[in-house]
Amino acid sequence: VGKSQFVLSVAVLLALGAPTIFGFTNTFAGQPKKSIIYNAEDSMQEMSKRVYAFCDFHRYDPARVLPYLSLTSGKDFSLSIATGGSIVQRTETDDQHIGYLVSAALDPEVVMVSLDPLSKVHTGNPNDNRDMNIVMSVLSWIAARADVALIVPAHTSKPGLASSTGYAGNVNSILGATAVAD
């Protein structure tokens with residue numbers, strides 16, 4: 001719950017050059033930085049509403065923030081970094097998508113890229129460690145090549161009915177193969 005809002009909030013704080021981001025020192029404090037956010041589940045309108053609501057709540061000027069945000073919706077463009085079959089592989093289309101993403105992220109002002117959620121940027125078997133090792137390797141390559149922080153929110157399983165104690169913050173609650181958490 002709240003993974004997409006979290007990403008947008010971090011992007012707003014980076015855009016403002018905030019001294020801290022949720023209690024952690026911002027390496028780029030005082031220097032507005034850009035973020036690229038791809039959200040496969042939310043529309044541009046929904047993402048915009050969330051950015052404006054966050055700014056309004058904290059009394060930030062959206063005009064200072066918006067030039068530093070590059071938002072793309074999966075409702076308008078379907079991003080793919082790997083295609084499944086009997087095993088995940090990269091196709092020409094996947095390589096074009098990766099190339100566009102890395103090219104945009106090579107802007108020295110871009111410090112964060114988010115691909116939200118993990119399950120929507122590939123068509124591999126999410127429960128197959130072999131497939132997910134390949135997907136995670138592609139994501140690591142993108143982050144290293146573009147020299148950015150890469151946030152890839154993932155869905156979690158539902159906690160038991162009795163309690164979520166031991167569930168919140170537990171990396172093993174991520175849906176799918178252990179290769180994702182590893």
Taking amide hydrogens as modeled 1.01 Å from N in the peptide plane, which residues meet the under 5 Å criterion relative to ILE21, leaving out close sequence neighbours? ASN26
Label THR25 and ARG130 with points 7 Å out from Cα along Cα→Cβ: what is the distance between them in nm? 4.6
Along the range 3-19, what does the Karplus equation 6.51 cos²θ - 1.76 cosθ + 1.60 (θ = phi - 60°) give for ³J(HN,Hα), rounded to whole Hz, x for Gly and Pro? 5, 5, 5, 4, 4, 5, 5, 4, 4, 4, 5, 5, 4, 8, x, 4, x
Magnitude of the Cβ-charge dipole (Lys and Arg +1, Asp and Glu -1) of the range 74-182 about the Cα centre, nearest 20 debye, reported as 360
When only the heavy atoms of the protein chains count and the probe is 1.4 Å, how do LYS34, LYS75 rank by accessible area, highest first? LYS75, LYS34
I'm spelling it out carefully: the read-out is Cα Rg over 2.2 N^0.38 Å, the candidates are (1) 1.31; (2) 1.06; (3) 1.16, and one was derived from this structure. Which label? (2)
What does the charge dipole of the chain about its Cα centre add up to, to the nearest 20 debye, if the Cβ of each Lys and Arg holds +1 and the Cβ of each Asp and Glu holds -1? 400
The rounded separation in angstrom of the Cα centers of the range 1-77 and the range 89-122 is 18
Using the Cα centre of the range 1-159 as origin and beta-carbon charges of +1 (Lys, Arg) and -1 (Asp, Glu), tell me which of MET47, VAL152, PHE57 is placed farthest towards the positive end of the dipole. PHE57
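May I ask you to compute the full-extension gain from SER140 to GLN45, defined as 0.36 nm times their residue separation minus their alpha-carbon distance, rounded to one decimal in nm? Could the numbers behind the result be given before it?
Numbers: separation 95, 0.36 × 95 = 34.20 nm, distance 2.97 nm.
Taking SER140 through GLN45 to full extension adds about 31.2 nm, to one decimal.
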Helix-derived [θ] at 222 nm for the chain: sum -39500 (n - 2.57) over DSSP H runs of at least 4, divide by residue count, nearest 500? -11500 deg cm²/dmol
In whole percent, the fraction of accessible protein surface over the chain that belongs to carbon or sulfur atoms, probe radius 1.4 Å, stands at 54
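How much length would be gained if the chain were fully extended between ASN170 and PHE77, taking 0.36 nm per residue of separation minus their Cα-Cα distance, in nm to one decimal? Present the calculation step by step, with values, prior to reporting the outcome.
Working: separation 93, 0.36 × 93 = 33.48 nm, distance 3.18 nm.
Taking ASN170 through PHE77 to full extension adds about 30.3 nm, to one decimal.
The values are calculated or read from the model by the stated rules, or taken from the named source; none is laboratory data. Predicted, not measured: the structure shown is a model, and the values here were computed from it. Ideal geometry is used to build each Cβ from the backbone, glycine not excepted, and the neighbour counts take in all protein chains shown. Accessible surface is based on the protein model in full, side chains and every heavy atom, while ligands, DNA and RNA are left aside. Shrake-Rupley method; radii C 1.70, N 1.55, O 1.52, S 1.80 Å.
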